[in-house]
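Beneath this line is the structure, given in structure tokens, with notes to follow.
The values are calculated or read from the model by the stated rules, or taken from the named source; none is laboratory data. Keep in mind the model is a prediction, meaning the values are calculated, not measured. Using ideal geometry, Cβ is built from the backbone for each residue, glycine included, and neighbour counts are taken over all protein chains shown. Areas reflect the complete protein model, heavy atoms only, side chains present, ligands, DNA and RNA absent. Shrake-Rupley method; radii C 1.70, N 1.55, O 1.52, S 1.80 Å.
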Amino acid sequence: MSEALKVEERQGEVRTKLVVMKFGGTSVEDAKAILRTAAIVRGRRERGLSPVVVVSAMARVTDLLLAAGAAAGRGDKAGALAIAARLRNRHIDTAAELLCGELFSGIEAAIRHEFDALDDLLRGIAAVGELTPRTSDNVVGFGERMSSQMVAAVFAQHGLSGVQVDARTCIVTDDHYGKAAPLEAAIEARLTELVLPLVEAGDTPVMGGFIGATAEGITTTLGRGGSDFTAALVGGGLHAGAIEIWTDVNGIMTTDPRICADALRVKTISFEEAAELAYFGAKVLHPATILPAVQKSIPVWVLNSRNAENEGTKITAMAPPCASPFKSIAAKKRLTIIDVVASRMLMTHGYLKAVFDVFDRYHCAIDMVSTSEVSISLTVDSNERLPEICAELGKIADVKLEGNKALVCIVGEDIRGQNGIAGRVFSAIRHINVRMISQGASEINMSFMIEESDVEDAIRSLHAEFFAEPDPTVFDTEARAVAAKA
């Protein structure tokens, strides 16, 4: 066997045991949470697996960095630096709880160095009086840069051979600042060069999620929730055996347990169903997380870092058969309906294209579309460019807006093939006014628009109708039985 084939065979063996573990902000929010994370990673190593860890910024750090950048952009240098000072102290205090000796000295110096750079950046923004998307990405990326350094040091102190890898050296993107698109071929090449050798050597690489860089090395971000996306890109690029998303819930639930106390954990769900739920409001996953895993047929697990013994939810390419018609209910709030009315032009060739071209020019995504003889109704979740969009649409049609709407999405396999399912859905919510309905566009999704104020009532009614007798092979019915006895 040639040396090249031996290397390829060895790497193949490493990849099958490789698990990408993403820990969200609540899983690294303080010293106690970081120690829990270290214990979970140790457990994976003791099972013979090779973890690559992706971490978010500590809880609430990203929001505070955004606030600091915004303050500097307004010229409020003192306010921006005050926020940075609070964050500096929080990171140093947390490191002091976790580390000792040279490891603490090294991380303390690294944290001070990073915050000195952040302070200089904020002063520069305040002097110019403008915060550009490119500069904002630079500011907000400090959270993951610092958390990954600290977590890697904690792993090293606890015998887990933690090694920090700057995600910007591996996650190569375009220059669409604020929501950069990954360049997956370049990412795979960088991961194979920089991360795979660490895994082969028995180290535990730790990377910050959410951040990347252009080919020229300019910091970018993948958009809010992008740490999940990073984990999927790393898992796909390394051809990992599994991707684990560690959060603060037991997995994907039949609905938000804050709305329905009897919500059930979904044991297993398809990639397609999970992606649909993620896009339409279920906050457990970032919608884009799914795609790189689907492309490489890598299973994704959603797990709870505060309850590591729980089995969580497994997301696979194909869902197992389910006796229940639906898997989960999600809701997306703060939507706006745009009614576009042009009675003489609706059926004119090119008219629909002209309408959708307006949304394309302003990079505004549409959630739902409904047409009638004389009008088009569309829903959007961004109000940022609505005045300009409506002004352009007003040149070809009459435009009317309705705000404070919500989209309720019910997901399950083969909804279109189940007789009477729509009747059951709308009978359950017959006391609620439904503004728009979408079913035929998807085999696995039935969606409708209602007032925001009616969301919780609608979800409770639907959950009572469809999850009273759940399929125990797909849902964790034992947890409900235990809760009923308590």
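Give me the percent of the accessible area of the chain that comes from carbon and sulfur atoms, probe 1.4 Å, all protein chains in place.
Numbers: 10990 of 21470 Å².
That share works out to 51 percent.
Quick check on packing: order 392-401, 58-67, 469-478, 136-145 by the mean number of other C-beta atoms within 10 Å, highest mean leading. Don't skip to the end; give the middle numbers.
Numbers: 392-401: 15.0, 58-67: 18.6, 469-478: 16.6, 136-145: 24.2.
Packing order, densest peptide first, comes out as 136-145, 58-67, 469-478, 392-401.
Sort out for me the Cα centre separation of segment 146-197 from segment 232-291, rounded to whole Å.
Going from one Cα centre to the other spans 22 Å.
Using the Karplus curve 6.51 cos²θ - 1.76 cosθ + 1.60 with θ = phi - 60°, work out ³J(HN,Hα) for each residue of segment 330-335 in order, rounded to whole Hz, and write x for Gly and Pro.
10, 9, 10, 9, 6, 9
Kindly point out which whole DSSP H helices in the chain project their C-alpha atoms 27 angstrom or further along the helix axis while averaging a Kyte-Doolittle hydropathy of -1.0 or above. Show your work: numbers first, answer last.
Values: long enough: 77-98 (32 Å, 0.04); 101-128 (41 Å, 0.44).
For the chain, where a helix must reach 27 Å along its axis and average at least -1.0, the hits are 77-98, 101-128.
Which value in nm describes the separation of the simple spin-label points at D414 and I92, placed 7 Å from the Cα toward the beta carbon?
The modelled label-to-label distance comes out at 6.3 nm.
May I ask you to give the solvent-accessible area per residue for segment 94-183, in square angstrom, as obtained with a 1.4 angstrom probe?
41
Which peptide among 224-232, 455-463, 376-384 comes first, and what is the full order, when sorted by highest mean count of other Cβ atoms within 10 Å?
224-232, 455-463, 376-384
Relative contact order for the chain: what percent, with Cα pairs under 8 Å and sequence separation of 6 or more?
On the way: 971 pairs, mean separation 63.2, N = 486.
Contact order relative to length: 13 percent.
Which entry in (i) 24.3; (ii) 23.2; (iii) 22.0 matches Kirkwood radius over Cα pairs in Å derived from the coordinates of this structure?
Read-out taken from this structure: (i).
Rounded to the nearest 500, what is the 222 nm mean residue ellipticity of the chain from helices alone, with -39500 (n - 2.57) per DSSP H run of 4+ residues and division by all residues?
After summing the helix terms and dividing by residue count, I get -13500 deg cm²/dmol.
Straight distance only, please: which aspartates and glutamates reach the Cα of K353 with their own Cα at less than 20 Å, same-chain residues fewer than 8 apart left out?
Qualifying aspartates and glutamates at Cα under 20 Å: D339, D367, E373, E388, E392, D398.
With no solvent and one equal point scatterer per Cα, compute the Debye intensity ratio I(q)/I(0) for segment 64-198 at 0.11, 0.18 Å⁻¹ and report its log10, rounded to two decimals.
-0.48, -1.05
So what's the projected area for segment 261-314, the Cα convex hull averaged over all directions, in nm²?
Seen from a random direction, the Cα hull of segment 261-314 projects 4.2 nm² on average.
How much area per residue is accessible in segment 379-436 when the probe is 1.4 Å and only protein heavy atoms are counted (Å²)?
On a per-residue basis, segment 379-436 sits at 53 Å².
Once segment 231-324 is represented by equal point scatterers at the alpha-carbon sites, with solvent omitted, what log10 I(q)/I(0) does the Debye formula produce at q = 0.17 Å⁻¹?
-0.70
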